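The values are calculated or read from the model by the stated rules, or taken from the named source; none is laboratory data. A quick note: this is a predicted structure, and the numbers were derived from the prediction, not measured. Here the Cβ positions follow ideal geometry from the backbone for every residue, glycine too, while neighbour counts run over all protein chains shown. To get the accessible areas, we keep the full protein, side chains included, count just its heavy atoms, and leave off ligands, DNA and RNA. Shrake-Rupley method; radii C 1.70, N 1.55, O 1.52, S 1.80 Å.
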Amino acid sequence: MCSSDLKDDELLGIVLYIMNKRFVKNIFHGVVEAGFSDIPFNVGNVSSGIYFLKIKHKDSEEIIKIIKI
């Protein structure tokens, strides 16, 4: 699950990449309402390893490292 705390309604994109920055899958793409939101996602169909979630909104992006066991 990914959490966000937005001041305004925003278009949000979450993409899953593997270590070498290779695209794996789109996790979420849509408008999220202002305030605190939990965005569930499922990576059950990808193999174990180290991945990165790229979260883009407005003019910024954040990258989060995740490890799937």
Item checked: Residues of the chain: accessible area per residue with a 1.4 Å probe, Å² -> 71
Check: Relative to the Cα centre, what is the charge dipole magnitude of the chain, using +1 at the beta carbon of each Lys and Arg, -1 at the beta carbon of each Asp and Glu, and rounding to the nearest 20 debye?
Finding: 580
Notebook entry, point to check: Taking the mean number of other Cβ atoms within 10 Å as a proxy for protection, how do you rank 16-29, 35-48 from highest to lowest?
Noted result: 16-29, 35-48
Next item on the list: Give the relative contact order (percent, whole number) for region 1-62; include only Cα pairs under 8 Å separated by 6+ residues.
Entry: 43
Item checked: Percent carbon-and-sulfur accessible area, the chain, ignoring ligands, DNA and RNA, probe 1.4 Å -> 53
Margin query: Please list the three semi-axes, largest first and in whole Å, of the ellipsoid equivalent to the chain, using sqrt of 5 times the eigenvalues of its alpha carbon gyration tensor.
Written below: 23, 12, 10
Checklist line | ³J(HN,Hα) computed for each position of region 50-59 - Karplus, 6.51 cos²θ - 1.76 cosθ + 1.60, integer Hz, glycine/proline x | finding: 9, 10, 10, 9, 9, 10, 10, 8, 6, 9
Check: Which residues' amide hydrogens lie under 5 Å from the amide hydrogen of Leu12, considering only partners 5 or more residues apart or on another chain, with H built in the peptide plane?
Finding: Gly30, Val31, Val32
